[in-house]
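Structure first, commentary second.
Coordinate-derived values only; no laboratory data. Owing to the predicted nature of the structure, the values given are computational and were not obtained by experimental measurement. As a convention, Cβ positions derive from the backbone with ideal geometry for all residues, glycine included, and neighbour counts pool all protein chains shown.
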Amino acid sequence: MSVIIDVFPARSDNYGYLVHDTATGRTAAIDAPEAGAIKAALAARGWDLTDIFITHHHIDHVEAIPALKAEFGARVVGPRAEADKIADLDVLVGGGDTVTLGETVFDIYDTPGHTLGHIVFHDALNRHLFSADALFSLGVGRMFEGTPGPMWDCVKLMRGFPDDTLVYCGHEYTASNAKFALSVDPDNAALQKRAAEVDALRAAGKPTIPFALGEDKAANPFMRADDAGIARHFGLEGAAPGEVFAAIRKAKDNF
Ligand code: ZN
Ligand code: FE
């Protein structure tokens, strides 16, 4: 029931994650950004790769699947809705399904927006959320395929998880997200605190990931689309939060 999580950089700004179920020794890579980085992390820990959990079809999350599957014979679990875009999936899942890694259970949630079939993996017992590009620290992924209303609903759903949930996202984008967040929510003390912390972490060469969901809820403008102050910043007082979310997303795209 307990897990050890290994966090390591991959490609230019992705993160790779290994989740190790201590009871059984099963080990999953969350997404497959880069075979070399994943193999090095496995070797450093002395773990054997048994599973690969895929969140969405983008190349920086799936490229290493064939190499890892060939080397380790790992079981590959991924989004049913993107099965036509991802080679080598063994188990297809979607929102409402669960997937187990030994004794550890992950609930799957559909999080359309960044891509239409994007899913996240939530370990409710250990309070870990693997959000990939659906939720970043102080941001969300670019809305390549989805629409704002459903994407806002997904952000709201993730916001509903307990405050002490640790979020493991797909990229180290926190510093640039902080600059944008401060431009739309300059007087937010929680955001100012997180931005200072992020500056210090990056200056020390440290990752800003994982992050505590509760702190991000108070600081991430995309999780605050129903906050009156954010709406006011965009001249959208009284508008539906989905509309405010769309305005935040558009402003970030042009920032
Ligand atoms: Zn992506
Ligand atoms: Fe990505």
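Values for this structure:
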| quantity | calculated |
| --- | --- |
| Ranking of Leu68, Leu213 by count of other Cβ atoms within 10 Å, fewest first | Leu68, Leu213 |
| Separation between Cα centres of the range 240-255 and the range 30-102, rounded to whole Å | 32 Å |
| Net charge, Asp164 excluded, C-beta distance under 15 Å - Lys, Arg +1, Asp, Glu -1 | -1 |
| Within-13-Å neighbourhood charge of Gln192 [Cβ basis; K, R +1; D, E -1] | -2 |
| Prolate/oblate/rounded call for the range 1-139, Cα gyration tensor, a/c under 1.5 rounded | rounded |
| MRE, 222 nm, helices only [DSSP H, n ≥ 4, -39500 (n - 2.57), over the chain, to nearest 500] | -10000 deg cm²/dmol |
| Shape of the range 80-121, Cα gyration tensor, a/c cut at 1.5 | oblate |
| Net dipole in debye of the chain [+1 Lys, Arg Cβ; -1 Asp, Glu Cβ; about Cα centre; nearest 20] | 460 debye |
| The range 120-134 and the range 138-203: distance between their alpha carbon centers, rounded to Å | 15 Å |
| Share antiparallel - DSSP beta bridges, the chain, percent rounded to 5 | 70 percent |
| Prolate/oblate/rounded call for the chain, Cα gyration tensor, a/c under 1.5 rounded | prolate |
| Ranked by how many other beta carbons lie within 10 Å on average, peptides 51-57, 241-247, 144-150 from highest | 51-57, 241-247, 144-150 |
| Among the listed pairs Lys156/Lys217; Lys39/Lys69; Lys85/Lys250; Lys193/Lys217; Lys156/Lys206, those beyond 19 Å (Cα-Cα) | Lys85/Lys250; Lys156/Lys206 |
| Choice from Ala64, Ala83, Ala240 showing the highest fluctuation, given a GNM over the chain with Cα pairs closer than 10 Å | Ala240 |
